[in-house]
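Participant: Questions regarding the structure given below will be posed in turn.
The values are calculated or read from the model by the stated rules, or taken from the named source; none is laboratory data. Note that the structure is a prediction, hence the values are computed from the model and not measured. Every residue, glycine among them, receives a Cβ derived from its backbone with ideal geometry; neighbour counts consider all protein chains shown. Just so you know, the surface numbers come from the protein's heavy atoms only, side chains and all, with ligands and any DNA or RNA stripped out. Shrake-Rupley method; radii C 1.70, N 1.55, O 1.52, S 1.80 Å.
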Amino acid sequence: MKILAIETSCDETAISIIEAKGGLKKPQFKIIADTIISQINIHKEYGGVFPALAKREHTKNLLPILLTTLKKGGLLNPVSNSKNKIFNFQFPISKQTTNKIHKILEREIEIAEPLLEFVKTHKIPKIDAIAVTQGPGLEPALWTGINFAKALALAWDKPFIPVNHMEGHLVASLLKSKVTSSKYKGVEFPALGLLISGGHTELVLIKDWMDYKLIGQTRDDAVGEAYDKVARMLGLPYPGGPEISKLSEEFSKNLKLKTKNFTLPRPMLHTNDFDFSFSGLKTAVLYTVKNIKKVTPEIKKEICAEFEDAVVDVLLLKTKKAIAKNDIKTLILGGGVTANKKIRKEFKKLEKELSINILIPDAKHSTDNAVMIGIASYFRYLDNKILLPNKTGKIRAEGNLAL
Ligand code: KG4
Ligand code: ZN
């Protein structure tokens with residue numbers, strides 16, 4: 001089946017079309033088209049994501065991205081003789097549907113008419129469902145994608161699938177599973193998910209797809225948040241993750257700088273649970289920076305390297321403990337911080353060390369994207385968690401939606 005998926009939970013506007021098959025046991029996914037517009041340059045000057053601005057940008061971007069994505073996927077088919085669209089009996093949109101679409105998009109009213117115009121002048125694409133991120137995330141941003149998806153589902157008469165953003169991160173690595181190779185055993189359960197993003201740090205016990213139990217989480221800052229805040233202390237631009245990662249790498253490459261002059265704490269490393277805390281680590285960086293008279297570029301690199309080592313130590317140890325305790329067969333990484341080279345490298349080593357299967361999404365699909373929303377929606381579709389296009393009214397954006 002083909003699914004069109006929409007993601008607008010934070011500062012990326014993304015739409016993808018994926019093809020999914022194989023069912024829950026051997027799911028296989030292929031990207032037909034994938035488009036992302038990042039708002040990073042717009043939010044950079046605020047040092048973080050500004051919700052009202054994110055909503056405005058999503059509203060502006062959604063329809064053009066939809067057209068681009070359909071075109072890339074060979075699914076953009078204008079109705080011939082579209083000049084005579086009023087005689088377009090092939091795809092009539094009733095007065096009643098038009099009114100409903102206006103109502104759905106009342107807070108994004110500027111795209112209601114352009115969307116209707118587009119729908120009237122193009123054939124309904126051959127897709128089987130429309131999926132959208134329902135939460136967690138920034139509510140004004142989420143609403144934009146949800147309303148757009150509701151309107152589209154109604155106009156095209158397609159099933160509507162609301163998706164949890166974190167479940168999307170959890171399944172993003174399935175995109176590259178070598179399901180076609182005879183060696184691939186599929187994801188063996190119980191699996192463990194380590195979700196590390198800008199808003200979340202969670203260890204999730206996965207008994208089966210859609211059967212999740214949160215066994216550990218951060219008590220304060222998320223890992224990505226700590227990266228972003230430490231970056232700000234060091235005068236590095238938003239988002240901080242990639243910047244810190246770059247400097248840390250430079251430190252490791254430079255043999256002259258090999259030994260570090262100070263150490264940062266590894267918070268909650270030896271506690272008897274699977275929880276995390278990164279706020280103390282962030283504060284330790286703050287004091288370190290304050291105590292140094294002049295933070296030279298070399299010292300900056302050293303701080304980044306030590307910060308990253310501390311993060312990796314904590315994530316690795318807690319994950320290993322959770323693997324041992326729960327007899328885990330597959331470890332699945334997900335979330336924007338998974339794009340980090342050091343984290344990828346260190347976790348990959350566990351494959352041999354613990355002889356378990358480890359899935360890590362490719363760097364491009366580690367940070368927010370719509371492909372992962374499409375993948376998660378396939379499982380929901382198989383489980384019949386779909387809504388008819390005229391029954392989407394009760395779906396609301398949920399900023400704190402839990403897995
Ligand atoms: O999953 P994501 O794209 O958005 C949320 O759902 O939060 O994650 C964004 C987070 C940001 O905090 C960003 O700094 C971090 O992921 N990040 C990284 C890297 N790339 C993005 N952190 C460390 N190393 C990276 N290479
Ligand atoms: Zn995310």
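Participant: Taking Pro114, is it in a helix (DSSP H, G or I), within 16 Å of ligand 1 (Cβ to nearest atom) and either open to solvent by 10 Å² or more (accessible area, probe 1.4 Å) or at pLDDT below 95 (or both)?
Facilitator: No; evaluated as a whole, the condition is false for this residue.
Participant: Turning to a different aspect of this structure: Please note which helices (runs of 4 or more DSSP H) are completely contained in the stretch 292-403 and include at least 1 residues that are closer than 30 Å to Leu154 by Cβ.
Facilitator: In the stretch 292-403, 371-382 are the helices (runs of 4 or more DSSP H) which contain 1 or more residues that are closer than 30 Å to Leu154 by Cβ.
Participant: So the check is Cβ under 7 Å with 6+ separation or different chains; which pairs have a first residue in the stretch 136-158 that's farther than 30 Å from Thr201 by Cβ and open to solvent by less than 10 Å² (accessible area, probe 1.4 Å) and a second one that's polar (S, T, N, Q) and more than 16 Å from ligand 1 (Cβ to nearest atom)?
Facilitator: Ala153/Thr392
Participant: Now, a different point. Return yes when Ala54 is over 23 Å from Pro159 (Cβ atoms) and either within 16 Å of ligand 2 (Cβ to nearest atom) or out of contact with any helix residue (DSSP H, G or I) (no Cβ under 8 Å at 6 or more places or on another chain) (or both) and no when it is not.
Facilitator: In short, yes.
Participant: Also, quick follow-up: Collect the residues in the stretch 50-71 that are of a type in the set (A, V, I, L, M, F, W, C), at pLDDT below 95 and open to solvent by 40 Å² or more (accessible area, probe 1.4 Å), keeping them in residue-number order.
Facilitator: Passing the criteria: Phe50, Ala52.
Participant: Still on this structure, I have one more. Which of the residues that make up the stretch 349-381 are away from ligand 2 (no atom under 16 Å from the Cβ) and buried (at least 24 other Cβ atoms within 10 Å of the Cβ)?
Facilitator: Residue satisfying the conditions is Tyr378 alone.
Participant: Has the stretch 121-128 got any residue that is among the acidic types (Asp, Glu) and part of a helix (DSSP H, G or I)?
Facilitator: no
Participant: For the stretch 354-371, state whether one or more residues are farther than 21 Å from Ser252 by Cβ, away from ligand 1 (no atom under 16 Å from the Cβ) and among the acidic types (Asp, Glu).
Facilitator: Within the stretch 354-371, none of the residues are farther than 21 Å from Ser252 by Cβ, away from ligand 1 (no atom under 16 Å from the Cβ) and among the acidic types (Asp, Glu).
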